[in-house]
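The values are calculated or read from the model by the stated rules, or taken from the named source; none is laboratory data. Since we're looking at a predicted model, the values are computed, not measured. Heads up, the Cβs are rebuilt from the backbone with ideal geometry, glycines too, and the neighbour counts pull from every protein chain shown. Areas reflect the complete protein model, heavy atoms only, side chains present, ligands, DNA and RNA absent. Shrake-Rupley method; radii C 1.70, N 1.55, O 1.52, S 1.80 Å.
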Amino acid sequence: QLAAANATAPGAPAFATAGDKSLVVIGRRNIEGGGRIDDIRHTSYRGVFGLKGDVLTNWNYDAFFQTGKVVYQEHYLNDFSKARIAKALDVIPNPASGGSPRVAAGQPVCRSETTGTTGVADDPNCRPYNIWQLGGVTNDAIAYVQTPGFKSGYTEQNVANATFSSDLGSYGLKLPSAKTGVGVVAGVEWRKETLNLDTDTEFSTFDLAGQGGPTIGAKGSLRSNEFFGEVRVPLVEGVPMADLLSVSGSARHSSYSDSKNTNTYGLGAEWAPVKAYRLRGSYQHAIRHANIVELFQGVGNNLFDMNSDPCGGGTKFSAAQCARTGVTTNYGSTRQTLGPWVSSSIRPGI
């Protein structure tokens with residue numbers, strides 16, 4: 001509500017009069033408290049154990065177990081609590097009855113620190129955040145509105161793999177025009193990935209003013225069993241314009257713990273007219289399963305790099321396409337247009 005002095009202050013609407021009420025957007029940096037500090041730490045552990053050697057006649061094996069873990073900690077300092085901002089800006093004269101015992105009657109106090117008729121203050125720690133005069137922001141007010149955020153978690157991966165390979169030329173399996181026999185590789189792999197992220201109340205409720213959206217904790221794991229093989233067939237070796245000409249093929253089957261199954265394969269050719277030059281070509285068909293973060297990350301509204309809604313005014317997408325994203329009655333409407341968006345009108349310093 002505008003006081004008489006503020007109704008004629010610079011920036012007030014020309015038609016403003018004392019007693020008018022209006023929403024006010026306050027844009028102010030946290031000059032007194034300092035810039036935001038983001039302390040991020042990653043601690044990594046990794047270990048590999050393996051064996052390789054010969055098995056049977058002309059067959060080699062290579063087996064290993066690999067484990068790795070990355071521990072994550074983030075401590076976000078000098079950010080503002082949006083809930084505390086609202087309380088610290090809601091300031092009234094301290095009432096003589098039911099007021100805060102901290103200051104004398106008539107002095108400015110947070111409404112939430114007065115006891116009122118219940119005799120219990122909603123937030124006795126609140127201190128007025130006086131942004132209306134130079135030097136009006138006190139250290140007590142900064143200590144109240146500033147709040148830290150904390151996140152911690154880890155990602156972990158365990159992999160067990162075994163492969164067997166052989167040159168089948170020793171069994172007579174080679175072309176007459178080649179010196180090298182058919183090469184084969186076959187193997188199995190087991191893999192487990194684990195994700196764990198814990199966020200405090202400030203991050204998960206989007207109370208921090210300097211964030212683009214809530215950060216939701218996540219937990220989950222994914223396992224896969226895979227079988228793969230590859231064959232390489234030399235066609236010609238050691239002749240003019242064909243020091244080497246060979247073809248190859250590979251395939252892999254993956255079975256995931258979320259009941260997804262994928263099959264990938266590849267075909268290739270290699271030509272070396274002389275030893276110093278080589279030309280390779282290949283065709284591959286691959287399917288990427290969602291990674292551990294994509295599977296279990298929390299859903300929330302966050303910042304994104306887009307100036308306008310692709311389903312808003314002047315859209316190039318059809319109503320059916322936009323309906324798949326949840327857009328229905330507002331399809332093509334300028335109401336969909338987005339502008340630069342910030343998480344709070346009072347922003348910590350950067």
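Please identify the trypsin sites (Lys or Arg not before Pro) of segment 261-291 that satisfy two criteria: DSSP loop assignment and at most 13 other Cβ atoms within 10 Å. Which are they?
Here the trypsin sites (Lys or Arg not before Pro) that fit, given the DSSP loop and packing criteria, are Lys275, Arg288.
Please compute the net charge surrounding Leu168, taking Lys and Arg as +1 and Asp and Glu as -1 over other residues with Cβ under 11 Å from its Cβ.
Within the 11 Å Cβ shell, the charges total +1.
Pull out the extension gain between Ser308 and Asn130, defined as 0.36 nm times the separation in residues minus the alpha carbon to alpha carbon distance; nm, one decimal.
60.4 nm
What trypsin sites (Lys or Arg not before Pro) in segment 171-239 are in a loop by DSSP, with at most 11 other Cβ atoms within 10 Å of the Cβ?
none
At 0.36 nm per residue, minus the direct Cα-Cα distance, what do Thr117 and Asn139 gain on full extension? Give it in nm, one decimal, please.
Separation in residues times 0.36 nm, less the Cα-Cα distance, equals 5.0 nm.
Just to confirm a number: summing +1 for Lys and Arg and -1 for Asp and Glu over residues other than Asp140 whose beta-carbon lies under 14 angstrom from that of Asp140, what do you get?
Overall, the nearby charge balance is +1.
Work out the FRET efficiency for His285 and Ser333 from their Cβ-Cβ distance, taking R0 = 45 Å, and round it to the nearest 0.05.
My answer for the efficiency is 0.60.
Of all accessible surface on the chain at a 1.4 Å probe, what whole percent is carbon and sulfur?
Here carbon and sulfur together make up 56 percent of the probe-accessible area.
For the pair Ser177/Lys192, report the inter-label distance in nm, with labels modelled 7 Å from Cα in the Cβ direction.
5.1 nm
Amide H of Trp59: which non-local residues (sequence gap of 5 or more, or other chain) have their own amide H closer than 5 Å, using H built in the peptide plane?
Residues meeting the amide H criterion: none.
Remind me, relative contact order of the chain in percent, using alpha carbon pairs under 8 angstrom and six or more residues apart?
Reported as a whole number, the value is 14 percent.
Subtract the Cα-Cα distance of Ser97 and Ile31 from 0.36 nm times their separation in residues, and report this length gain in nm to one decimal.
Full-extension gain reported as 20.2 nm.
In Å², and per residue, what accessible area does segment 195-310 have when probed at 1.4 Å with the other protein chains present?
On a per-residue basis, segment 195-310 sits at 61 Å².
Find the lysine pairs in the chain meeting two conditions, Cα atoms under 17 Å apart and a separation of 8 or more places or different chains, and report how many there are.
7
Residues in segment 161-187, backbone N under 16 Å from the label point at Arg278 (7 Å along the Cα-to-beta-carbon vector): list them, ranges by number please.
Answer for this model: 179-181, 183.
Rank these residues by their accessible area, most exposed first, probe 1.4 Å: Asp79, Asp122.
Largest accessible area first, the list is Asp122, Asp79.
Tabulate in residue order the Karplus-calculated ³J(HN,Hα) for segment 323-328, using 6.51 cos²θ - 1.76 cosθ + 1.60 with θ = phi - 60°, rounded to whole Hz; enter x for Gly and Pro.
Computed from phi, the couplings for segment 323-328 are 5, 5, 9, x, 7, 10 Hz.
With every protein chain left in place, what is the accessible area per residue of segment 54-104 in square angstrom, probe 1.4 Å?
For segment 54-104, the solvent-accessible area averages 56 Å² per residue.
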